[in-house]
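Remarks on the structure that follows.
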Amino acid sequence: MYSLEGITKSIQDWLFLKFDPTLALAIECVIVILLAISLFAILGLVLVLMERKVAAHIQIRLGPNRVGPGGMFQTVADTLKLIMKEGLTPDKADKFLFNLAPFVVMMVGMLLLAPIAFAKNFQIWDINIGVLYISSVSSLSVIGILMAGWASNNKYSLLGAMRSGAQIVSYELSAGFAVLTIVVFTGSLQISEIVASQQTGWWLFKGHIPAVISFVLYIIAVTAETNRAPFDLAEAESELTAGFHTEYSGMRFALFFLAEYINIFIVCAIGATLFLGGWMPLHIGQWESFNHLMDYIPSSIWFMGKTFLLIFLIMWFRWTFPRLRVDQLLNLEWKYLLPISLFNLLLATVIAIFGWHF
Amino acid sequence: MYNQTEILKDTSELGTEGELVINMGPQHPATHGVLHLVVTLNGETIKKIEPHLGYIHRSIEKMCESLTYRQFIYVTSRMDYLSSHINNLGCALLIEKGIQIEVPDRAKVIRVILSELTRIASHELWLGAMAMDLGAFTPFFYAFREREMITEIMEDTCGARLTMNYIVPGGLMYDLHPDFQKKVKAFVKQFKAKVTEYEDLVTNNIIFQSRTKGVGILSAEDAISFGCTGPVARASGVSCDIRKIYPYEVYDKVSFNEILDTAGDSFARYMVRVKEMNESIHIIEQLIDNIPDGDFVGKTKNVLKLPKGEFYTRVETARGEFGVFIVSEGGTTPHRIKFRSPGFSNLSALNHMAVGSKIGDLMATMGTLDLVIPDIDR
Amino acid sequence: MMTQDEIKEYIFSIAPTVSFDETGEWLNIIVDATQLKLLMTALRTGKMQMDYLFCLTCVDVKTHLTMVYHLSATTHRQSMVIKANVSREQHSIETLCDIWRTADFLEREVFEMFGVTFLNHPDLRRLILEDDFKGFPLLKDFEDPINMIKL
Amino acid sequence: MFLKEYIKDVYNGVSSLLKGMRKTGYYFVHPKEIITEQYPDNRAYLNLAERFKGEVIMPHDENNEHTCTGCTACELACPNGTIKVVTKFEVSPEGKKKKAIDTLVYRLELCTMCNLCIVACPSDAIKMAPNFEHSVFDRTKLTKVLNHPGSKIKEGIE
């Protein structure tokens, strides 16, 4: 049986056999970094194409279909174009911050990659406070956006960045509470343990109503946190032209664009880990043969499948709903999502204490 | 709950401090053309809007002074390009009134059917663009699918999709396409089947409703005072449908309702337009099987000369009352021609409607005003 | 609803110097520029209630300019045309901005196209043309050798 | 009651959103509804309306004969000065002088496809053709001469 676990293990064994432990660790680090960067590049290409295809099919169009079979290389061509383009810096912009901002946003995405379990025992860093780490690091991305908005010396950018600041800070709360619900059930912050606790069934199914509610809340909150429609007020094309990245062009714009999709991937991966069992295959009660069949599908495919399902859901939102207004956005958070998630957390705690979940 | 006007009051004492002036347009995704708005903001709240026009001013009024009465009709297609047929109709009606040309019944009926098709096409485009202003991109494509059927009907019969120029003084340029009735019926069927889609996607959507309800309110008195016409005024409860008040062509022989609403907010304007599309379908259904036989153009002289005097006609375009005012000296060209365009008056109400609301509300207000910039600039 | 004669009588009672012209579709009232404001205010607030100014424009009749106001009422739907002559040299007339708000934009348009100055207009600036544009394009003697194409 | 209203609000809001998602989801899984026209590929079966006003042409028959008498009605009808008729006098075998066109210059870049010239033409010599691919690299190519070289007026057309 192929598994990523076997491959990583044999590489590690071989490295430690050949080199001394410090050097081996250093080489491992380099490999991980290279893998992470190439994952970013591939994800960017795939997700942009996926978004365009999903949008096109919803909008009764064909979407990209000229470059490569079925338009597969469209995003490659777009990236090439963006690399060749001149990256303009506006006059009187804060040049240092202006250039730094896209990298900050990207960096946050890279840091978030660390604790995600891509497959069985295939994880960069199984930190024991995994969930806490994710919620704290993900709130850093707002700094990059604020930086971009301020440094651009453009009023549209500034307005977009201010909106984004208010939005991300508020929606962090309900996203955090939704995550806490699962932590209460599991009793652990470690990603690997959260996944292991779903051996018998995903939390979405065995966590009763609170898990379902917190799943919905989580999806709404992360849609807002990643600045996706219907919460894309930071960009708000018809209001602020392009919001915080109005002044960006060329590769720096591409980094923002990439970061948006990486963020979607990461939040969806976390959602899949917490609520849909991560790389755990789907098991239904006593159907032994069915469960056995499911076990044959590799764990990495399970994980990717679940993640892309959530990504599709978020894309589906984007191409269906109109945008909210800035005060309605905050109303939604403070009047609806936060009270519901507080109540939901209470309910989950009661269920967890009495052990009513399966 | 806070009160928006209270916030305004607080900062107005600060003078110009805390003001943010942004130029919305001439290149902006939501202004649909080259409208330039200088928006003064306090945070996200709008304090003042100043339209700067003229980016697409072609001085059509001056241009028409050197064109003959047959020639100048086509120029009016370039004003409100979404209801170009109705603009042409308004000019032709004026010439026919001035010279007293008898228009055959067949031409009258066809003109009305095409006018209503134009109105539906215009409202379809508006619906898509309006949803896009509020951030929903998909309804745009669904609306354009239906609009495409209309433009194909226009292409078959008039030979052009947007600037038709199908009307000549005295009737029509040429007869209907043989497939016209069949295609219009197919369109009516398709439209009725698909109109529920807009309800699901846009009208009933909670986000859309909360974005438009209570936004950009215009009272009936203000609507009259600002000279607003069309769906904008009707949503405020002002009865101003030229087709009802001063019926032209065969509008007095068909039954249709003038859609009125009293709320005066963006949602009311939205609903008025959506219901108007259904009324237009109703008019088309009454007329499509009853196109009388006969000539499609009346007898006219080769060179048209309007008698000395002043003439005024008005027609109801998709945006409101379109008026043509001609001062004739008795020659072959008009001495002075003035187009009363509905968009110009509707735009003047924008500042009044949007002050005190958020930037997002400005998009909803501007979207429901249904501005066509060449119509405003002329 | 008032008959033509009743309207005439009513207008005579407000401004005795007016003259009438009934050749067109609607009743034309030619009023002196100085009495325009008085007449208009009375028409708007008096018993006629002409609340809808649907067209405001200017006509260059070579010897002088004529301001043309098309009035109507949303209640009884009677329309009338008010005309006031403005000389080409002096070219100033009272604004109607405070009676009908639509006059704001329309008068600004006439201001830049014909050069008529509206007294007491709150914001008399150019609306359509650029700020450094020379001349008044809708006047009959306007010449623009660069942009105007003569056929 | 406040709580009941609150829950009703949430329920109505969510159900309206789900309705919209059902509609877009329907189109996502029904690729047959796609209406995209892949333009340069579909040239072969692209059906333009026969009345489509694309450009003015002058039909010639197999003997290279047209029906234009050179009456300049189209030139007078044109609002933009698109058409210029240059006439000459032909001497018929009987020795009679007859007016005929030398060239009929048509400037596509000025044309607005208003169809007034076609309506004005007394002998149906010109008509609109449904061509719309007019782009060229050189602007001067848009000024066309409509009558073919060496063409004559058809017999019997006055």
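What is the calculated FRET efficiency for D:E50 to B:N302, with r their C-beta to C-beta distance and R₀ = 30 Å, to the nearest 0.05? Mind dumping the intermediate values first?
Numbers: r = 27 Å, r/R0 = 0.92.
Calculated value: 0.65.
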Legend entry - Packing rank of B:103-116, B:360-373, where each peptide gets the mean count of other beta carbons within 10 Å, highest leading: B:360-373, B:103-116
Inset, instruction - Would you kindly state how much longer the chain becomes between B:D179 and B:E152 on full extension, computed as 0.36 nm times their sequence separation minus their alpha carbon distance, in nm to one decimal? - result: 8.6 nm
Inset, instruction - Counting only C-alpha contacts under 8 Å and six or more residues apart, can you give the relative contact order of chain D as a whole percent? - result: 29 percent
Legend entry - GNM top mover of D:D61, D:D124, D:D102 - chain D, alpha-carbon springs below 10 Å: D:D61
Legend entry - Likely footprinting exposure, A:T223, C:T117, C:T34, fewest C-beta neighbours within 10 Å first: C:T34, C:T117, A:T223
Inset, instruction - Sort out for me the Cα centre separation of the stretch A:211-279 from the stretch C:22-70, rounded to whole Å. - result: 60 Å
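Need one number: convex hull volume per residue for chain A, Cα atoms only, in Å³.
162 Å³
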Inset, instruction - Quick one: P(r) of the protein assembly as shown from all Cα-Cα pairs, 20 Å bins, percents rounded to integers, in order of increasing distance. - result: 11, 36, 32, 16, 5, 0
Inset, instruction - List the relative contact order of chain A as a percent without decimals, with contacts defined as Cα pairs under 8 Å and 6+ residues apart. - result: 22 percent
Legend entry - On Cα atoms only, tilt of B:266-288 relative to the major axis of chain B in degrees: 20 degrees
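Mind giving me the FRET efficiency for A:L293 and B:K275? R0 is 45 Å, r the Cβ-Cβ distance, nearest 0.05 is fine. Can you show the working numbers first?
On the way: r = 55 Å, r/R0 = 1.23.
The value I calculate is 0.25.
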Legend entry - Per-pair calculated FRET efficiency, R0 = 30 Å: A:Q12 and A:L100 via Cβ, rounded to 0.05: 0.25
Inset, instruction - Identify which of A:L330, A:L274, A:L158 has the largest mean-square fluctuation in a Gaussian network model of chain A, with springs joining Cα atoms closer than 10 Å. - result: A:L330
Inset, instruction - For chain C, with a Gaussian network of springs between Cα atoms less than 10 Å apart, report the residue from C:L43, C:L119, C:L27 with the top mean-square fluctuation. - result: C:L119
Legend entry - Protection-proxy order for peptides B:40-49, A:139-148, each taking the mean of Cβ atoms within 10 Å per residue, highest first: A:139-148, B:40-49
Legend entry - Shielding by partners, peptide D:26-35 (average Cβ within 10 angstrom, other chains): 5
Inset, instruction - Can you list which of the chymotrypsin sites (Phe, Trp or Tyr not before Pro) found in the stretch A:300-341 are DSSP loop residues with at most 10 other C-beta atoms within 10 Å? - result: none
Inset, instruction - Starting from the Cα of C:T117, step 7 Å toward the Cβ, then list every residue of the stretch C:77-100 with an amide N under 20 Å from that point. - result: C:84-98
Inset, instruction - Using packing as a proxy for protection, rank B:85-94, A:39-48, A:164-173 so that the peptide with the highest average count of other Cβ atoms within 10 Å comes first. - result: B:85-94, A:164-173, A:39-48
Legend entry - Sorted by Cβ density within 10 Å, fewest first, the residues B:V232, D:V105, A:V104: D:V105, A:V104, B:V232
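How big is the equivalent ellipsoid of the stretch D:27-87 along its three axes, where each semi-axis is √(5λ) from the Cα gyration tensor, reported in whole Å from largest to smallest?
Details: eigenvalues 348, 55, 14 Å².
Semi-axis lengths for the stretch D:27-87 are 42, 17, 8 Å.
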Inset, instruction - Kindly express, to the nearest 10 degrees and within the range 0 to 90, the angle between helix D:2-28's C-alpha long axis and the longest C-alpha principal axis of chain D. - result: 40 degrees
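When a footprinting reagent is the concern and you count Cβ atoms within 10 Å, what order do C:Y52, D:Y27 take, fewest first?
Numbers: C:Y52 26, D:Y27 20.
Exposure proxy ranking, most exposed first: D:Y27, C:Y52.
So which DSSP H runs in chain A come out at 27 Å plus along the axis (Cα) with average Kyte-Doolittle of at least 0.0?
Working: long enough: A:21-58 (53 Å, 2.06); A:95-113 (29 Å, 2.01); A:155-186 (46 Å, 1.00); A:250-275 (38 Å, 1.73); A:299-318 (29 Å, 1.35).
What comes out of the filter, once short or polar helices are dropped, is A:21-58, A:95-113, A:155-186, A:250-275, A:299-318.
No value in this document is a laboratory result; all are computed from the given coordinates. Because the structure is predicted, anything quoted here is derived from the model rather than measured. Backbone-built Cβ (ideal geometry, glycine too); neighbour counts: all protein chains shown.
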